[in-house]
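Accompanying notes for the structure given below.
The values are calculated or read from the model by the stated rules, or taken from the named source; none is laboratory data. Fair warning: this is a prediction, and the values are worked out from it, not measured in the lab. Here the Cβ positions follow ideal geometry from the backbone for every residue, glycine too, while neighbour counts run over all protein chains shown. Side chains included, ligands, DNA and RNA excluded: accessible areas come from the protein's heavy atoms. Shrake-Rupley method; radii C 1.70, N 1.55, O 1.52, S 1.80 Å.
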Amino acid sequence: MALIVQKYGGTSVGTIERIKNVADRVIRTQREGSQVVVVVSAMAGKTDELIGLANEITRTPDPREMDVLLATGEQVSIALLSMALKEKGVEARSYLGGQAGIITDDAFGKARIQSIAAEAIKRDLDAGRVVVVAGFQGIDEQNNITTLGRGGSDTTAVALAAALKADICEIYTDVEGVFTTDPNVYRKARKIEKISYEEMLEMSSMGAKVLQIRSVEFAKKYNVVLHVRSSFTDEPGTIVCQEDEEMEDVLVSGVTYNKNEAKITIKNLPDRPGIAARIFSEIGKANIVVDMIIQTPSTQGGHANLTFTVPIGDYEQTLKITEKLARELDAGDVVGYEDIAKISIIGVGMRSHTNIASKMFEALANEGINIMMISTSEIKISCLIEQKYTELAVRALHDAFELDKPPREDT
Ligand code: ADP
Ligand code: ASP
Ligand code: MG
């Protein structure tokens, strides 16, 4: 018997009507002869609403209590979906992350799944029940409730699929799959039929929030095939799987944007060995991941300006850390800037082609968009720009690389 993990995002369970529709789809899958584990997100807008409530009390809520609060969103959804299933005559049982055996580390707000004890789920499945698990949450070794970071229900689903050795993990969302760019930003975006884990990893880490990055990491590591599709149609979506020859023909497969980073510059740092190591190790100790980095000579001889980007959620804390370091290192001012966006193009075909970067820079220049920072990897190029040009840049790059055309015609 096949085992399918289905994950339904916030919009897909956004109203009671939609929850009933999800129940119908789950029942259909079960009747077709599969065991079904369902992972659900909080109803659309719920997580933001809870964050808003906390922020009415303090701008820096206690991380442990924040996770207790945020985990409630998903608790509502699992209960309602299980009720809807039972109402339609199907045996179902809901589980919070911890009850489902999902153990994480204790990094509140961005916890990582360490292990899953899936025995209870297996027993229910064998008894013919549908198992409904709350996404985005787990417990640490001390029994504290933890959450996995925004979009974390994707990761719950893929991790469960890996632990249960599911045949497929279906990610139901509000778009019909993974597109060449965010279809809500550019209507010419085209649905990608099949994409490699590697490219999807870059797409997610560069801002395509259709899949949380850690979910793709899990999928790649445990070889879980993902099917990203719409909960509103029966159309096939996008398969995320191992790279095959067909995929290599594509030069650039997608354009992404990320508005959730901020830029920090430390001016006039003494230019000597060990300074960068000191700065980035202090930031790393705070569990903050630095993304782009650039160092330029300062007008003051023997000094340099160091600029880097961090997630917006870590911005205030990073500013505090860098201001303290700047004083200790006898550096100049620390300047922060939030109105930035990172635009990236991604494609495994870049490995073997030249001139992609110049084409990207030219497309941005033609729109009068200035590039503040650049970073590259084997299969992606990213440029940091003013946030107000995000949509313009996405469209310009999508057009420049003719991503609206099917890949075969590109080569
Ligand atoms: P869910 O609540 O189902 O998890 P999300 O809002 O997290 O849904 O992710 C789906 C959204 O991701 C889409 O509505 C779309 O705006 C956005 N998105 C960004 N980039 C892409 C892309 N390349 N392909 C598809 N969707 C994308
Ligand atoms: N509810 C959480 C969020 O909004 C997790 C998820 O939807 O995946 O980020
Ligand atoms: Mg999501």
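Could you work out how far apart the two model spin labels at SER375 and GLU17 are, taking each label as a point 7 Å from the Cα in the direction of the beta carbon, and quote it in nm?
Calculated label separation equals 4.3 nm.
Between GLY368, GLY237, GLY347, which gets the highest mean-square fluctuation from a Gaussian network model of the chain, Cα cutoff 10 Å?
GLY368
Kindly report the accessible area of the chain per residue (heavy atoms of protein chains, probe 1.4 Å, no ligands, DNA or RNA), in Å².
In whole numbers, the chain has 46 Å² accessible per residue.
How do GLU32, GLU243 stack up against each other in accessible area, from largest to smallest, with a 1.4 angstrom probe?
GLU32, GLU243
Where the Cα atoms of the chain are projected onto their three principal axes, how long is each span, largest first, in whole Å?
For the chain, the Cα extents along the three principal axes come out at 76, 54, 33 Å.
Given a 1.4 angstrom probe, I'd like the percentage of the accessible area of the stretch 292-353 that is carbon and sulfur, rounded to a whole number.
Solvent-exposed carbon and sulfur of the stretch 292-353 make up 48 percent of the total.
By how many nm would the segment from ASP174 to THR72 lengthen if fully extended, with 0.36 nm per residue of separation less the alpha-carbon distance?
Values: separation 102, 0.36 × 102 = 36.72 nm, distance 2.22 nm.
Length gained, ASP174 through THR72: 34.5 nm.
Report the residue, chosen from PRO273, PRO183, PRO236, that carries the largest GNM mean-square fluctuation when the chain is represented by alpha-carbon nodes joined by springs under 10 Å.
PRO273
Tell me, in nm to one decimal, what length is gained between ILE312 and ALA127 on full extension, where the rule is 0.36 nm per residue of separation less the Cα-Cα distance?
62.0 nm
What does the accessible area of ASP48 come to, in Å² to the nearest 10, when a probe of 1.4 Å is used?
90 Å²
Need the full-extension length gain, ASN223 to ALA79, defined as separation in residues times 0.36 nm minus the C-alpha distance. One decimal, nm.
In short, 48.8 nm is gained.
Ignoring everything but the protein chains, give the 1.4 Å probe accessible area of HIS303 in square angstrom, nearest 10.
Ignoring ligands and nucleic acids, HIS303 comes out at about 40 Å².
Does the stretch 87-195 come out rounded, prolate or oblate, given a ≥ b ≥ c as the square roots of the eigenvalues of its C-alpha gyration tensor, rounded meaning a/c under 1.5 and, failing that, prolate meaning a/b above b/c?
Details: a/c = 2.31, a/b = 1.40, b/c = 1.65.
Oblate is the answer for the stretch 87-195, as a/c is 1.5 or above yet b/c matches or exceeds a/b.
How large, in percent, is the carbon and sulfur part of the accessible surface of the stretch 47-135 at a probe radius of 1.4 Å?
51 percent
In whole Å, what are the Cα extents of the stretch 154-291 along the three principal axes, biggest one first?
Ordered largest first, the stretch 154-291 gives principal extents of 59, 38, 30 Å.
Tilt of helix 63-87 relative to the longest C-alpha principal axis of the chain, in degrees (0 to 90, nearest 10)?
With both axes taken from Cα atoms, the answer is about 30 degrees.
Could you check the simple spin-label distance between ALA276 and ASP48, using points 7 Å along Cα→Cβ, in nm with one decimal?
It is 3.8 nm.
Can you pull the accessible area of ARG28 for me, 1.4 Å probe, Å² to the nearest 10?
110 Å²
On a C-alpha basis, how far is the centre of the stretch 63-114 from the centre of the stretch 175-218 in Å? Whole number, if you could?
When both Cα centres are located, 25 Å separates them.
Ignoring ligands, DNA and RNA, please state the percent of accessible area on the stretch 161-282 from carbon and sulfur, probe 1.4 Å.
Carbon-and-sulfur percentage of accessible area, whole number: 46.
Cross-link list LYS263/LYS388; LYS285/LYS324; LYS46/LYS86: which exceed 21 angstrom alpha carbon to alpha carbon?
From LYS263/LYS388; LYS285/LYS324; LYS46/LYS86, over 21 Å: LYS46/LYS86.
At 37 °C and 0.692 mPa s, grab the translational diffusion coefficient of the stretch 146-227 from Stokes-Einstein with a Kirkwood Rh over Cα pairs, rounded to a whole number in µm² per second.
253 µm²/s
Which residue, ASP182, ASP62, ASP105, has the most motion in a Gaussian network model of the chain that connects Cα atoms within less than 10 Å?
ASP62
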